[in-house]
1. With a cap of 13 neighbouring Cβ atoms within 10 Å, and only residues DSSP puts in a loop, list the trypsin sites (Lys or Arg not before Pro) found in segment 130-202.
2. With everything on Cα atoms, drop me the angle between helix 147-160 and the longest principal axis of the chain, reported from 0 to 90° to the nearest 10.
3. What GluC sites (Glu not before Pro) in segment 132-236 are in a loop by DSSP, with at most 15 other Cβ atoms within 10 Å of the Cβ?
4. Could you list the residues of segment 342-365 with an amide nitrogen less than 19 Å from a label point located 7 Å from the Cα of S189 in the Cα-to-C-beta direction?
5. With +1 assigned to the C-beta of every Lys and Arg and -1 to the C-beta of every Asp and Glu, and no other charges, what is the dipole magnitude of segment 119-253 about the Cα centre in debye, to the nearest 20?
6. To make sure I understand, if each residue's beta carbon is the centre and we count other beta carbons within 10 Å, what order do D40, D177 fall in, fewest to most?
7. Could you point to the residue in T181, Y150, L205 farthest towards the positive end of segment 135-219's charge dipole, with +1 and -1 charges on the Cβ of Lys/Arg and Asp/Glu respectively?
8. From the Cα trace of segment 86-238, what convex hull volume per residue do you get, rounded to a whole Å³?
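What follows draws every value from the coordinates through simple rules; no lab data is involved. Since this is a predicted model, take the numbers as computed values, not measurements. Because the Cβ atoms are built from the backbone with ideal geometry, glycine has one as well, and the counts that use them run over all protein chains shown.
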Amino acid sequence: MTGLSCAQKLAEGGLKVLLLEKKLCGGEASGKSSGFITPDSEIELSSLISHHGPEKAKRIWNFVMSGVDLIRSNIERYGIDCDYQIQDSLFIANSKRGWRHVKHEHEARKALFYASHLIEADDLTEIIGSKKYRGAVRYSDTFGINSHRYCRALMKIIMDAGVKIYEKTPVTKILADGVETKKGRFYASQIIVCADRFIPDLGHLKKEIYHIQTFIGISKPLSDADVKKVFPGDPLMVWDSSMIYNYFRLTPDKRLILGGGHLLHTYSKKPLKNLDKIKRKLLRQFSKNFPGISVELKKTYSGMLGVSRDLLPVMGEDKHMKNVWYVGAATGLPWAAALGKYAAERITKNRTGFEEDFSWRRPFPLPRFLEFLVGKKISYALSHFIAKYL
């Protein structure tokens with residue numbers, strides 16, 4: 001998504017653009033996304049305020065909201081068929097601690113003048129057919145999509161605009177005047193590396209970017225009766241207050257998208273191949289909150305996305321090659337869209353403003369040497385706990 005958005009804006013700026021894709025556009029994390037188009041991804045607004053103060057938090061939040069707006073604008077402008085559904089977001093508490101966090105999120109949104117509706121447990125059953133939750137915060141101006149179809153459609157749009165795209169062309173080396181691939185060398189005066197979690201594989205930002213693994217299941221269509229049991233009101237995009245959170249939403253053809261992580265595999269080095277226990281976990285988690293509703297998963301898959309230690313993006317120029325700009329750790333499609341646009345406008349419009357906030361040189365919650373003591377997985381898990389809750 002970052003590369004596609006970047007290429008789109010570069011082409012609109014009148015530049016000659018070449019996009020090299022390791023596999024297929026929309027074939028990795030972007031295309032495997034749950035399709036939640038909301039500024040709230042791996043880190044909430046209240047956590048941003050705690051660590052960065054209200055002024056900086058608002059700037060960052062508005063930045064990621066611009067990614068929401070860009071995706072919506074493309075869908076409406078080009079008539080992209082991607083199961084576009086206007087759905088409110090619902091951040092829901094599944095524990096006493098989670099309820100405190102949800103209330104802090106509501107207070108943060110109100111303090112920065114974002115629309116927000118706090119829902120107590122007694123009123124929650126009117127919109128969610130479960131008595132297992134402690135309360136929630138709801139807000140609008142968000143929507144769901146089929147992210148793979150969106151990416152494939154955007155690819156065609158930018159190709160029609162003159163962008164040359166070479167799929168199945170992984171870059172093997174970044175040079176000052178271009179890149180090397182197995183198919184040959186490509187030359188360019190400006191190089192933007194939107195490779196997310198694969199940037200370290202190219203020998204860069206190894207200490208600044210890692211990854212987390214999440215799992216998604218897509219159900220067979222639900223009956224109208226069961227849909228009403230889950231969503232007595234309008235369908236919503238829902239995620240809970242766990243650190244490794246669970247989430248679900250309804251598609252236009254009445255399928256449930258169930259997602260979540262697994263403590264043993266969230267920070268694994270490689271994608272999990274056998275997903276049988278993940279499938280059981282997703283169904284068990286949903287059944288616990290919505291007993292009596294029959295859900296059968298048709299497909300289950302895993303997705304790996306790049307992350308930094310503080311869950312904010314990583315971007316900046318190469319140490320030695322000033323014409324090389326890295327963009328990674330975009331935790332969600334709105335982040336990816338906003339970052340791609342920013343990277344392009346940095347060239348076409350001399351845009352600035354977030355180099356310090358998202359710099360790969362910035363200080364992180366825990367010292368980097370901790371990784372050598374406890375390992376990358378534990379150091380990232382601890383850093384993410386601090387970023388979200390302390």
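1. Here the trypsin sites (Lys or Arg not before Pro) that fit, given the DSSP loop and packing criteria, are K131, K168, K182, K183.
2. Around 30 degrees separate the two axes.
3. Listed in order of number, the matching sites are E167.
4. 343-351
5. 740 debye
6. Placing the least packed residue first, the sequence is D177, D40.
7. Of T181, Y150, L205, it is T181.
8. Values: hull volume 32.2 nm³, N = 153.
So the per-residue hull volume is 211 Å³.
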